[in-house]
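Peer 1: Okay, handing you the structure first.
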Amino acid sequence: MSFFTFNSEPHRRFVLWLLALVVLPVAVLFVIGIYLQPLYGDLTRIGFYSEREFGWSGTQVIFPNTKLEFNALPNNNSQLYKILVLGDSFSRVHPELQWQNYLKEISHESIGTMDINKIRLHQILASQGFRDNPPKVLIMESVERELPHYLKENMSTCQITPSDTRKIDSSPDITPIIDWNLESHLADITQNKSREINPSEINPGYVLKFLRHNLPGELIHPNVYRMDITRPALFSSRDQSAFLVYQDDVNKIKLWRNMGLPEMSCRIEEIRRQVEANGYTRFILMVPPDKLTAYSDYLSDLKFQHTSLLTALSELRPKVMPRIDKALITAIHAGEQDVYFPDDTHWASNGQRIAADTLISFLKNKNN
């Protein structure tokens, strides 16, 4: 084919039309993506919901120069860390927000975090580092919905005793204690972060999937429920009539009841015995409540209210479990906004701070 043919008018028109057919749809998806806003939360991503409706618009407090270690390994952990965390995404997903930042600043101790989905407790306890230089505190963190699974993974058997079934009539006062000196110090090492719409974060592929899942008659939102609420201003999102929850927040009801509180309490006690067998390390079980649990009182659908057994389990093991759930729910009732992200399963910076403050108060309480 001659040079003239490539530069002919028909050829140029063909190329322009071809480019238009390719570029125009992508441009349309890009514009829609800007309208929907870039993805941030796991619930909007998994469930194909719009960040425009469910994204947060408040301000987050971040630690821009966080010095936490989120990839600690069991072989050398205790040589480096005096506080050891074995946790899930509530301890790992947002390093600049994490509750461990507050604990580090007030304790002045080194903190290492291990991934509970990859590392088992027996690996930690058997490691040379743990035996030679045990941490002062080992915190096992598990979100409420996954707790039966993690207890089973990290403690295969236990012998149920009467103490595993006896409810404690009263538990220590764990009302969060705000350390104002710490608050003043934090102002120098934290920053306020507002949400920005960055065009480079627009994903046309996600926009296409969003449109497909939200076509009339095709409202399919896999693994995510939209729950109507009776009180506005719980979140900083545009949609004030509902919030998003992960499907497993509902599925956990069956999982908890299948294992049962006596067996869960038994496994927790056996874990404590093994961790504290060295006479030095203290064991803490930190259980972030599911979003469904935290906002239970404001659900329009009564069948999803008060389904959690977390309070009952905490009352069986008050010396081991700080009442993170009680502190968060109290803050929500008091009008604290964005304790959890509206578009995500995890805590926003408000929730991180409340959880950290509650844990710190629990560690300070000599009655525990």
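The values are calculated or read from the model by the stated rules, or taken from the named source; none is laboratory data. Since we're looking at a predicted model, the values are computed, not measured. Cβ placement follows ideal geometry from the backbone for every residue including glycine, while neighbour counts extend to all protein chains displayed. Just the protein is used for accessible areas: all its heavy atoms, side chains included, with ligands, DNA and RNA removed. Shrake-Rupley method; radii C 1.70, N 1.55, O 1.52, S 1.80 Å.
Peer 1: What FRET efficiency, computed as 1/(1 + (r/R0)^6) with R0 = 35 Å and r the Cβ-Cβ distance, is obtained for Asp301 and Asn117, rounded to the nearest 0.05? Write down the numbers at each step before the final one.
Peer 2: Values: r = 31 Å, r/R0 = 0.89.
Efficiency, from the Cβ-Cβ distance: 0.65.
Peer 1: Quick one: net charge of Leu328's neighbours, Cβ under 13 Å, K/R +1, D/E -1?
Peer 2: -3
Peer 1: A follow-up question, please. Near Lys209, which aspartates and glutamates are there with a Cα under 20 Å away, not counting those fewer than 8 places off in the same chain?
Peer 2: Hits, sequence-local ones excluded: Asp42, Glu51, Glu53, Glu201, Glu218, Asp343, Asp344.
Peer 1: Still on this structure, I have one more. Can you flag which of Lys254/Lys319; Lys152/Lys364; Lys82/Lys364; Lys67/Lys319; Lys193/Lys291; Lys291/Lys326 are past 19 Å Cα-Cα?
Peer 2: The answer is Lys254/Lys319; Lys152/Lys364; Lys67/Lys319; Lys193/Lys291.
Peer 1: Excluding ligands and nucleic acids, what accessible area in Å² is computed for Arg353 using a 1.4 Å probe, to the nearest 10?
Peer 2: My reading of the accessible area for Arg353 is about 80 Å².
Peer 1: Using a 1.4 Å probe, how large is the accessible area of Lys254, given in Å² and rounded to the nearest 10?
Peer 2: Looks like 140 Å² after rounding.
Peer 1: I'd like the Karplus ³J(HN,Hα) series for segment 126-138: coefficients 6.51, -1.76, 1.60, θ = phi - 60°, whole numbers in Hz, and an x wherever there's a Gly or Pro.
Peer 2: Once rounded to whole Hz, the list reads 8, 6, 5, x, 5, 5, 7, 9, x, x, 5, 9, 10.
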